[in-house]
Amino acid sequence: MHNADVIRVLAEMADLLDIEGGNPFRIRAFRNAIELLENFPVDLGQYLKEGHVLEELQGIGKGLARDIREILETGDCGAHRELLKKYPASLLSLLLVPGLGPKKVRKLFDELGVESLDPLEEACRSHKVRALAGFGAVTEEKILKGLLHAKTTAGRFLLSEADDVARALVSHLRKVKGAERIETAGSLRRRKETVGDIDVLAAGGAALAPRVMDALVRYPRVEEVLARGDTKSSVRLRGGMQVDLRFLKPSEFGAAWQYFTGSKEHNVALRQRAKQRGLKLSEYGIFRDRDEKRVAGATEEEVYEALDLVWIPPEFRENRGEILEAEKGKIPALVELADLRGDLHTHTVETDGSATIEEMAEAAQKRGLEYLAITDHSKAVTVARGMDERRLLRQIEAVRRAQEKFEKIRLLAGVEVDILKDGSLDLRDDALARCDFVVASVHFALSMGESEMTKRIVKAMRSPHVDALGHPTGRLIKGRGGYAVNLRALIEAAVETETFLELNAYPMRLDLGDAALREAKAAGAGVVLSTDSHDTSDLENARYGVDTARRGWLTKHDIVNTLAWRDFCKALGARKKKSTPGGM
């Protein structure tokens, strides 16, 4: 069992306890344990083998430690099984519907017998939901609208989750003697924000095929073997993720890799292009129509070349104009993780982070960053122990003192200030003026109408102290769809006020998304790619932000914090001079 398996069971228990109306302190203990394990640097099983005990970890009591040990040993625990006797696991899918919290889910289950999304939709359309106390017609309509979001995310996994699973699996398969190529394909390779299943391709000599298939079905995390064949096998892993493995000849690998990477729309366009050239394109290669002679297939590059195209990066393959650009040979050099020089949105123990300023700076420095902004929450975010003006000024001084300990990284003293309902900021101007970098974000009153919300945010962006708009749409992938806002108006305001738009790399946000990033790029808005880190390990999430940036066609020239420190200072200084009467 791996840490991810423990996290999955604990998360289900926490959600089911929440639906049951269980002890809030117990539920909080589960949530804290999940957060701890998500950032835990070693495998729990190995940790215990080394003689450690779970109870020595902060927030892990005897009962929780007992459950975790049982999960590690058996894949489940008695407390989880007892909850599933009362409530079906499918009930958790209702929590994906925006506006449906645990109490309402329990009411739907108790009074209407609703256990999953389809029965919920039926209950709404037959107007049974509006008859429940505490719901009404308006809530029923909101649920119907939210069901589309829930259905598109149910059964899918965050990119970060799928990535972790795939990395471990591919590493396992590559240990098979004689394996020439083991690669992922599908939406995971295109780096979509959610992934339905994992496609893996293997290539090598014929004798290798059965060994690779055996390695898959015997993988320790396999819960069920769905199919076992000579060249294709499918399994379901613990946690519900399906893996499809295909074995190919080396001469076919490039064509298959292109085909199974997709997307469907991209592939349809390529097949049409092949037909126009008297060619036939399939997962086995490109063949001439007249004599069935193979003309390409071993590599993706030769497949695209046979179609008179330059190679198209996987993140581009959505049939959104990339084929025309490839025909012109104008595919841009997309941003790379190594291009990032700074991170402009991080938290510490001063509010809801788990690391000190010095620990965050040390971790960022080890990652090769040149600068780091410390941006803890303002006072409106009470659940995160947000800072008032006095604490902010004290935090600024703490950042200044911490800078004295570091020579290779520059620390910016900042804040993530809340945008209040009327568009004003949560802290006074005189305190914000002392900051090096200010991120303004919306964290509450998310149900405002589009016009009202847009005015609220644009007003905040007009503040001379706001440098960046944090997670601009407020979405949580597999959580909520985001608040109603006119994104085009935000982008226009960003250009006008020279406020940077954030690409928040936290895996549940990835906000702005790829389509919005393309729109921002076209309009000339500046983008900052930040991790919103609450722990040193969260800094690694920058790679998921880069994935999203690449899907949005961004180069390093489109992202402000790819600039070296001195150039970044010039860019930030120029913005502040234009925004602030009389200069900085």
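The values are calculated or read from the model by the stated rules, or taken from the named source; none is laboratory data. Only a predicted model underlies this, so the values are computations on that prediction, with no experimental measurement involved. Positions of Cβ are generated from backbone atoms using ideal geometry, with glycine treated the same way; all protein chains shown enter the neighbour counts. Side chains are part of the model used for accessible areas, which takes the heavy atoms of the whole protein and leaves out ligands, DNA and RNA. Shrake-Rupley method; radii C 1.70, N 1.55, O 1.52, S 1.80 Å.
A few notes on this one:
- Overall, the accessible surface of region 202-292 at a probe of 1.4 angstrom is composed of carbon and sulfur to the extent of 48 percent.
- Shape index of region 48-191: Rg/Rh, with Rg the Cα radius of gyration and Rh the Kirkwood radius from the inverse mean 1/r over Cα pairs, equals 1.11.
- Each stretch of four or more DSSP H residues adds -39500 (n - 2.57); spread over every residue of the chain, this sum gives -13000 deg cm²/dmol at 222 nm.
- Gain in span if fully extended, residue 311 to residue 428, counting 0.36 nm per residue against the direct Cα distance: 36.9 nm
- Segments 334-347, 78-91 sorted - mean Cβ within 10 Å per residue, highest first: 334-347, 78-91
- Mean shadow area of region 283-332, taken as a quarter of the surface of its Cα convex hull (nm²): 3.9
- For residue 155, no residue 5 or more places off, or on another chain, has a built amide H under 5 Å of its own.
- Think of a 1.4 Å ball rolled over the protein heavy atoms: region 430-584 then has 37 Å² of accessible area per residue.
- Packing, as the average of other Cβ atoms within 10 Å across residues, places the peptides 416-424, 160-168 in the order 416-424, 160-168, highest first.
- For region 396-518, the pair-distance distribution built from all alpha carbon pairs, in bins 10 Å wide starting at 0, is 13, 42, 31, 12, 2 percent.
- Distance from region 421-436 to region 103-138 (C-alpha centre basis), Å: 42
- Our summary gives region 213-263 a relative contact order of 25 percent, counting only alpha carbon pairs under 8 angstrom and 6 or more residues apart.
- Among the protein heavy atoms of region 335-415, carbon and sulfur supply 47% of the accessible surface, probe 1.4 Å, non-protein parts ignored.
- Straight-distance crosslink candidates among lysines, where the alpha carbon sits under 22 Å from residue 405 and sequence neighbours closer than 8 are dropped: 366
- Rounded to whole Hz, the Karplus (6.51, -1.76, 1.60) HN-Hα couplings of region 369-379, x for glycine and proline: 6, 9, 8, 8, 9, 8, 10, 6, 5, 8, 5
- Across region 75-140, C-alpha contacts under 8 Å between residues 6 or more apart give a mean separation that, scaled by the residue count, equals a relative contact order of 21 percent.
- Cross-link table 408/556; 249/275; 264/478; 379/408, entries beyond 26 Å C-alpha to C-alpha: 379/408
- Separation of alpha-carbon centers, region 176-204 and region 438-485, rounded to whole Å: 37
- Under-5 Å amide H pairs with residue 296, H placed in peptide plane, nonlocal only: 286
- For region 242-257, 3J(HN,Hα) per residue [Karplus equation, 6.51 cos²θ - 1.76 cosθ + 1.60, θ = phi - 60°, Hz, x = Gly/Pro]: 9, 10, 10, 10, 10, 10, 9, 6, x, 5, 9, 4, x, 5, 5, 5
- Mean projected area of the Cα convex hull of region 130-272, taken over all directions, amounts to 11.6 nm².
- Long-range amide H partners of residue 352 with built H, under 5 Å: 377
- Ratio of the Cα radius of gyration of region 401-443 to 2.2 N^0.38 Å, where N counts its residues: 1.44
- Separation of region 508-540 from region 356-398 is 19 Å, based on Cα centroids.
- For region 300-384, accessible area per residue (1.4 Å probe, heavy atoms of protein chains only), Å²: 40
- For residue 232, solvent-accessible area (1.4 Å; no DNA, RNA or ligand), Å²: 100
- Note on region 431-578: antiparallel DSSP beta bridges, both residues inside, total approximately 20 percent of the bridges counted.
- For the chain, diffusion coefficient by Stokes-Einstein and Kirkwood Rh (Cα), 20 °C, 1.002 mPa s, µm²/s: 82
- Taking every C-alpha pair closer than 8 Å and separated by at least 6 residues, the mean separation divided by the residue count of the chain gives a relative contact order of 10 percent.
- Rounded to whole numbers, the Karplus 3J(HN,Hα) couplings from phi for region 560-573 are 4, 8, 8, 6, 5, 3, 5, 5, 5, 4, 5, 5, 5, x Hz, using 6.51 cos²θ - 1.76 cosθ + 1.60 with θ = phi - 60°, and x at Gly and Pro.
- By average C-beta atoms within 10 angstrom, highest first, the peptides 460-467, 60-67: 460-467, 60-67
- You can think of it this way: the chain between residue 492 and residue 74 has 145.0 nm of extra reach, that is 0.36 nm per residue less the Cα-Cα gap.
- Against the empirical 2.2 N^0.38 Å (N residues), region 199-345 has a Cα radius of gyration ratio of 1.24.
- Residue 222 versus residue 25: modelled label distance in nm, points set 7 Å from Cα along the beta carbon direction: 4.6
- Rg/Rh, computed from the Cα trace of region 331-408 with Rh as the Kirkwood radius, has the value 1.06.
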